[in-house]
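Engineer: One structure, pasted below without further comment.
Throughout, read-outs are computed from the coordinates displayed, never taken from laboratory work. Quick caveat: nothing in here was measured; it's all calculated off a predicted structure. Positions of Cβ are generated from backbone atoms using ideal geometry, with glycine treated the same way; all protein chains shown enter the neighbour counts.
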């Protein structure tokens, strides 16, 4: 009889996909193999479970896969090449004798219908066998030190104990691509993270305004993009020089409308880049009422310049909730570095909170914004960021 130690992946939400589940599982397998590139590992799966077979250090392997969306739970498991209950309980006993504990519980699942007994009876019988053969133990139903999970499968038996909670969601790349409007602030990286959790692969766009914004501000955004790339496998960052557009707005347009018109220009540029990169949505970190440009009237006036759907994962989050996620994904400390982006310079004292769409159109006619947008996109910079590698920069002439 053979017993193999494996890493067990549970799907969680993916199991609801039914007819489409193979598409999601294939992508999850690809993402896991990408994360384990350079390691000796094989991934197999069925509709219920995925397994990583490897002779590498298990802790190192688990560390590399904990940032993969689509994984509900990770376990170190043991595949016993037998369906004979007497052989199975002997192997489980050997595993338990390597652990230190005083309370336990057995939970059984039975897909092997040839076993002429119920899952409850299997748990009771195994529990009794453990109590008989290991002194000083007792069964604890609510909060056991060791939970013995046994899955009696058709051709083998799966045993596992401790669990590591995964990120859940869908594998990145299963739901298409989106373009994240990435500033240097706290909110937009969190919005990107939550969108990736729904299976969307992201690219990012950043607006710089030299000399009004510093190179440090750009490096800060590149650092944030690199942190997001951990979940995305890589990230393409589009850097738009916004200086000429921003200066034209500042010189020609009433100051209370500066932010509104500026955001409308950013949306137009982002929509064009998204179209050229086959991104189906724009994503940003707007939260209702947080600043003047994020009132419902402002968002409506800004949103009207694009036809592409705009996703706002943080629309109904408060700031403390957003900060909590930012800390968990390790973007917070980078986001609070004191380098201004172009959204925080030239801020008027009294920005309009209920902008008129008609006035927006009237004021935009004061500047040659179409030509300015064309030039900004034509000369924009593209930075490819891959996990564990230095960013590669080049000019992208559209």
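Engineer: Starting from a Cα-only point model with no solvent, please compute log10 I(q)/I(0) by Debye for region 179-228 at q = 0.15, 0.24, 0.25 1/Å.
Structural biologist: -0.38, -0.86, -0.91
Engineer: Starting from the exponent 0.38 and prefactor 2.2 Å, build the expected Rg for region 3-165 from its residue count and divide its actual Cα Rg by it.
Structural biologist: Rounded to two decimals, the normalised Rg is 1.08.
Engineer: Determine the principal axes of the Cα atoms in region 222-271, then give the extent along each, sorted from largest to smallest and rounded to whole angstroms.
Structural biologist: 43, 17, 16
Engineer: Could I ask something else about it? What Kirkwood Rh does region 259-336 have if only Cα atoms enter the pairwise 1/r average? Answer in Å.
Structural biologist: This gives a value of 13.6 Å.
Engineer: Related question: Let me have the 222 nm mean residue ellipticity of the chain computed from DSSP H runs of 4+ only, each contributing -39500 (n - 2.57), with the sum over all residues rounded to the nearest 500.
Structural biologist: After summing the helix terms and dividing by residue count, I get -11500 deg cm²/dmol.
Engineer: Further question on the same structure: Dividing the Cα radius of gyration by the Kirkwood radius, what Rg/Rh value follows for region 174-322?
Structural biologist: For region 174-322, the value is 0.94.
Engineer: A further question follows. I'd like the FRET efficiency for residue 55 and residue 330, computed as 1/(1 + (r/R0)^6) with the beta carbon distance as r and R0 of 45 Å, rounded to 0.05.
Structural biologist: About 0.90, to the nearest 0.05.
Engineer: Moving on to the next point. Across every pair of different alpha-carbon atoms, what Kirkwood hydrodynamic radius in Å does the chain reach?
Structural biologist: Hydrodynamic radius (Kirkwood, Cα pairs) of the chain is 24.1 Å.
Engineer: Report, to one decimal in Å, the Kirkwood hydrodynamic radius for region 65-111 based on all distinct Cα pairs.
Structural biologist: The answer is 13.5 Å.
Engineer: Right, another one. Students often check this: by mean Cβ neighbours within 10 Å, which of 266-273, 377-384 ranks highest, and how do the rest follow?
Structural biologist: Top to bottom by mean Cβ count within 10 Å: 266-273, 377-384.
Engineer: Normalising by the residue count of the chain, find the relative contact order in percent from Cα pairs under 8 Å and 6+ residues apart.
Structural biologist: 16
Engineer: With the contact rule set at Cα under 8 Å and sequence spacing of 6 or more, what percent relative contact order holds for region 91-247?
Structural biologist: 18
Engineer: I would also like to ask the following. What nm distance separates the two modelled labels at residue 84 and residue 26, each placed 7 Å from Cα along Cα→Cβ?
Structural biologist: The answer from the label model is 4.0 nm.
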